[in-house]
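What follows is a short report on a single structure.
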Amino acid sequence: MGLADPAGLRSFRLGMIEDFEAEVTPLLLAGMGAELTACRFLLETGPSHRLAAQLEARALDMVVAAEIEAAQEGVERHPLLSEPLIAVWPEGLVGADLPLLHYSRRTLMGQQIAAYLGRIGESPGHRFEIDSTPAILAMVAAGQGWSILTPSGVLHGKRAGVALAPLRGRG
């Protein structure tokens, strides 16, 4: 933000990754709103790649997203947390012969998952490539397959009917 006294901030445009919109964002905005009483807030939620593009276009002041490059002058990166990838299975079917419900490769998360699978030499077939964590979790809960997500991604969507497992051996 570059302000010595943030109390003088009048406008703040925040981009927040969808995985945090229900659990983290309300607490963050409530705390910021209590401290910055004269500030007007704009919140945009979305996937990391879209938020990064908005930051680059100067349509947002700050984004909380999966790792993005800070190629633009004046953009700083500050890592907040690091999460492991975890396997998400239908309840009672951990390790079953089910297809992978792949996170869309058009997204950073999908690219990270594909890179992980490549590093361990796995290439499980998949029929579905989906860019919505809640949709993936709903399909897993319905027994349509298994997926790879992060813990915050699992918290973002419907969790009933799914079981979490470490990623070992099979992607």
What number goes with the only condition from (1) out of contact with any Pro (no Cβ under 6 Å at 6 or more places or on another chain); (2) modelled with pLDDT under 90 that residue 99 does not pass?
(2)
Of all the residues that make up the stretch 122-159, how many are in contact with a helix residue (DSSP H, G or I) (Cβ under 6 Å, 6 or more places away or on another chain) and open to solvent by 40 Å² or more (accessible area, probe 1.4 Å)?
1
Considering only the stretch 30-65, state which residues are out of contact with any strand residue (DSSP E or B) (no Cβ under 6 Å at 6 or more places or on another chain) and over 24 Å from residue 110 (Cα atoms).
30, 31, 32, 33, 34, 35, 36, 37, 38, 58, 59
For the stretch 12-26, the count of residues that are of a type in the set (Val, Ile, Thr) and either at pLDDT 90 or above or not in a helix (DSSP H, G or I) (or both) equals 2
So, in the stretch 27-49, of the ones that are part of a loop (DSSP other than H, G, I, E, B) and open to solvent by less than 70 Å² (accessible area, probe 1.4 Å), which residue ends up farthest from residue 9 (Cα to Cα)?
47
From the set of residues in the stretch 59-71 that are farther than 15 Å from residue 17 by Cβ and modelled with pLDDT of 90 or more, which is least open to solvent (accessible area, probe 1.4 Å)?
59
Meets criteria (open to solvent by less than 50 Å² (accessible area, probe 1.4 Å), in a loop (DSSP other than H, G, I, E, B), closer than 21 Å to residue 23 by Cα and among the hydrophobic types (A, V, I, L, M, F, W, C)) for residue 96
no
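Residue-wise test of (1) touching a Leu at 6+ places or on another chain (Cβ under 9 Å); (2) over 29 Å from residue 51 (Cα atoms); (3) modelled with pLDDT under 80; (4) of a type in the set (Gly, Ala, Ser).
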position: 73; (1), (2), (3), (4): no, no, yes, no
position: 84; (1), (2), (3), (4): yes, no, no, no
position: 87; (1), (2), (3), (4): yes, no, no, yes
position: 91; (1), (2), (3), (4): no, yes, no, no
position: 137; (1), (2), (3), (4): yes, no, no, no
position: 150; (1), (2), (3), (4): yes, no, no, no
position: 159; (1), (2), (3), (4): yes, no, yes, no
position: 165; (1), (2), (3), (4): no, yes, no, yes
position: 171; (1), (2), (3), (4): yes, no, yes, yes
Can you tell me which residue in the stretch 123-135 is nearest to the chain's Cα centre (by Cα), limited to those that are modelled with pLDDT under 85 and not hydroxyl-bearing (Ser, Thr, Tyr)?
131
Please go through the stretch 72-93 and give me each residue that is over 19 Å from residue 20 (Cβ atoms) and open to solvent by less than 50 Å² (accessible area, probe 1.4 Å), ordered by number.
72, 75, 87, 89, 90
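The values are calculated or read from the model by the stated rules, or taken from the named source; none is laboratory data. This structure is a prediction, so every number in the text was calculated from the model and none was measured. Virtual Cβ from ideal backbone geometry, glycine too; neighbours counted across all protein chains shown. Calculation scope for accessible area: heavy atoms of the full protein, side chains included, ligands and nucleic acids excluded. Shrake-Rupley method; radii C 1.70, N 1.55, O 1.52, S 1.80 Å.
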